[in-house]
Structures are given as structure tokens and as C-alpha cells.
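The values are calculated or read from the model by the stated rules, or taken from the named source; none is laboratory data. Values in this document were obtained by computation on a predicted structure and should not be read as measured data. Using ideal geometry, Cβ is built from the backbone for each residue, glycine included, and neighbour counts are taken over all protein chains shown. Side chains included, ligands, DNA and RNA excluded: accessible areas come from the protein's heavy atoms. Shrake-Rupley method; radii C 1.70, N 1.55, O 1.52, S 1.80 Å.
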Amino acid sequence: MLILLPPSEGKTAPETGTPVDLRALAYAGELTESRRKLLDSLAALAELPIERAVSMLAVSKGQAAEVAVDAELGSAPAGPAAEIYTGVLYDRLRLPELPKRAQGRVLIASALWGVLRPTDRIPYYRLSAKAKLDGIGGLAAFWRPALTEALPDKDGTLVVDMRSGAYAAAWKPKRATLLAVRAFSETKGKRKPVSHMAKAVRGEVARALLEAKKAPGDPEGAAAIAEAAGFRVELAPGYMDVIVSG
């Protein structure tokens with residue numbers, strides 16, 4: 001089993017630590033060139049008029065300081081990705097508490113890094129999948145060839161997808177079984193997708209799967225683990241739907 005997590009908009013900035021070493025990150029052989037190109041593009045934003053740089057980075061005017069932060073990522077302090085990413089999903093998952101065996105089944109999607117292991121050391125940064133940089137274009141399309149080359153995709157492998165749509169567009173397996181986790185609220189028999197609560201649900205389901213004594217090998221096994229953890233779930237082709245009370 002492989003669990004794909006989204007990044008988080010909220011991040012903790014390390015105060016100390018040696019800078020990122022691109023050669024030490026996940027799939028360095030396949031992804032370093034793309035990572036370096038993005039870092040160079042972010043550094044170049046600092047030379048542009050701030051209004052244009054903010055627009056390209058897809059941040060608000062109140063976040064204009066992030067342009068300068070992104071220009072210095074090569075020398076900024078770095079820490080484990082599992083500690084950098086914060087927010088609802090990561091609060092529920094509590095990734096740093098999980099044993100290394102469980103963390104080894106996780107990859108974190110990233111607009112800047114492609115994918116990361118929880119133990120990969122990175123700096124605080126700001127780059128969402130919505131950004132469009134000169135010479136790069138849409139980030140999902142930019143990453144797709146490199147991720148297709150790098151990521152494991154074997155028959156009989158279960159890939160549990162917790163990513164949002166913008167990150168899922170960057171890579172989907174062709175041979176492995178992809179199981180995307182969705183969350184729905186139900187009130188008086190009527191269901192509707194939930195957004196903010198979906199992050200909490202995905203974090204809790206991911207933790208249940210990673211804590212299981214035996215990793216599931218198919219959607220039915222994943223659903224059984226989620227149900228044993230107290231979730232109400234239903235399987236549909238390509239999806240595991242988690243139903244919560246409205």
C-alpha cells in the first residue's frame with residue numbers, strides 16, 4: 001500500500017537546520033532537475049514588479065513577503081516534511097508519531113518538490129498548484145512526465161489517494177489500483193460532499209490504515225480497516241466514500 005497525501009497551505013518554518021539537499025530528497029534521480037528549475041523560477045520572481053510576482057505565485061497582496069522567502073529557499077533552514085506541513089489533515093494524522101515502517105508507506109504531493117517522503121528535509125515555502133511561473137506553466141502538467149517516470153506503478157499495488165484534485169492531476173497510476181478517499185455528510189438520507197471536514201476524515205482514515213497490523217492490498221481491505229476504526233464507508237469504482245452525520 002502507498003498513501004498519497006496532499007501538502008498543506010499552513011506550514012511551520014524551521015528556525016534552525018541545514019538547508020535542503022536536493023540529492024537527498026525522494027526520487028532525486030528523476031526529480032532533481034525539475035525541482036531545481038522551479039527553485040530558479042521562484043528566485044527570479046524577486047526581480048519582477050511585486051504585483052506581477054504576487055499574481056504568478058497565486059498569493060494575496062497581504063502575502064507579498066512570500067516572494068522574498070521563496071527567493072532564498074536554497075539557503076533557508078530545513079526540517080522533516082512531516083513536521084513542516086500542518087493543518088487539519090496533518091493534525092489528525094499525527095505523522096511524526098507513526099513508526100518509520102508506517103511513514104515509509106507515505107508520499108506527500110507538492111507543487112514545488114513533486115513528492116516527498118515524510119522524513120525528507122525541506123524549508124518553509126509558498127507554492128500552490130495554482131501558481132503559474134514563467135517558463136513553467138501549469139504545475140500539474142509540468143510535473144506529470146517526471147512523476148510518471150519516478151513513481152512506482154505495479155499491478156497488485158494499492159494506492160490510497162488523499163490528494164485534492166489539483167495535485168491528483170499531476171500523477172495517476174496506470175497499473176496499480178487507485179482508491180481515492182472522499183467524504184460526504186448525510187442529513188435525513190440526503191448526501192453532499194464536504195470540503196473542510198474532508199481533510200479531517202482523510203487524516204483519520206490515513207492514520208487507521210497506517211496503524212493496521214497488515215497493510216491492505218485492495219479496496220475491500222482498506223474499507224474493512226476504516227470500518228473497524230469506526231467509519232461508515234462505501235466502495236464505488238475507484239473510490240472509498242466516508243459518510244459522516246450532517
Sequence-distant or interchain residues sharing an amide H contact under 5 Å with A176, placed H: which?
-> K154
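Restricting to bridges with both residues inside the stretch 124-203, how much of the DSSP beta-bridge set is antiparallel, in percent to the nearest 5?
Among the beta bridges of the stretch 124-203, antiparallel pairing accounts for roughly 60 percent.
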Return the carbon/sulfur percentage of the accessible area of the chain, one whole number, probe 1.4 Å, all protein chains in place.
-> 52
A28-E220 pseudo-label distance in nm [points 7 Å out on the Cα-to-Cβ vector] | 4.3
Rolling a 1.4 angstrom probe over the protein heavy atoms, how many square angstrom per residue are accessible across the chain?
-> 49
Spacing of the two label points (7 Å from each Cα toward its C-beta) at K132 and E97, in nm | 4.2
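May I ask for the net charge around L179, where only other residues with Cβ less than 9 Å from the Cβ of L179 are counted and Lys, Arg are +1 while Asp, Glu are -1?
-2
Under a Cβ-Cβ cut-off of 14 Å, what is the net charge of the residues other than E72 that fall near it, where Lys and Arg count +1 and Asp and Glu count -1?
Details: positive: R126; negative: D40, E47, E66, D70.
With Lys, Arg at +1 and Asp, Glu at -1, the net is -3.
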Vicinal HN-Hα couplings computed from phi for the stretch 30-45 (Karplus, 6.51 cos²θ - 1.76 cosθ + 1.60; Hz; Gly/Pro x) = 8, 10, 4, 4, 5, 4, 5, 5, 5, 4, 5, 5, 5, 4, 5, 4
Which of the lysines could be linked to K192 by a straight reach, that is with a Cα gap under 28 Å, when you skip same-chain ones fewer than 8 residues away?
-> K130, K172
Give, as a single signed number, the net charge of other residues whose beta carbon lies under 15 Å from the beta carbon of R191, with Lys and Arg counted +1 and Asp and Glu -1.
-> +2
Phi to ³J(HN,Hα) by Karplus 6.51 cos²θ - 1.76 cosθ + 1.60 over the stretch 80-96, Hz, x for Gly, Pro | x, 4, 4, 9, 6, 6, 10, x, 4, 4, 6, 5, 6, 6, 6, 4, x
With every protein chain kept in place and a 1.4 Å probe, the residues S164, S75 fall, from largest accessible area down, as S75, S164
Out-of-range pairs (alpha-carbon distance over 29 Å; input K190/K214; K154/K213; K11/K214) | K190/K214; K11/K214
Cα gyration tensor shape of the stretch 86-154, rounded if a/c is under 1.5, else prolate or oblate by comparing a/b with b/c = oblate
With a point put 7 Å past each Cα toward its Cβ, work out how far A166 is from L48 in nm, to one decimal.
-> 1.6
Rounded to the nearest Å, the spacing of the alpha-carbon centers of the stretch 193-246 and the stretch 1-67 is 30
Could you run the Karplus curve 6.51 cos²θ - 1.76 cosθ + 1.60 with θ = phi - 60° over the stretch 109-124 and give me ³J(HN,Hα) per residue in whole Hz, x for Gly and Pro?
-> 6, 8, 5, 8, 9, x, 9, 9, 7, x, 8, 4, 9, 9, x, 4
Leaving ligands, DNA and RNA out of it, work out the accessible area of M197 with a 1.4 Å probe and give it in Å² to the nearest 10.
-> 90
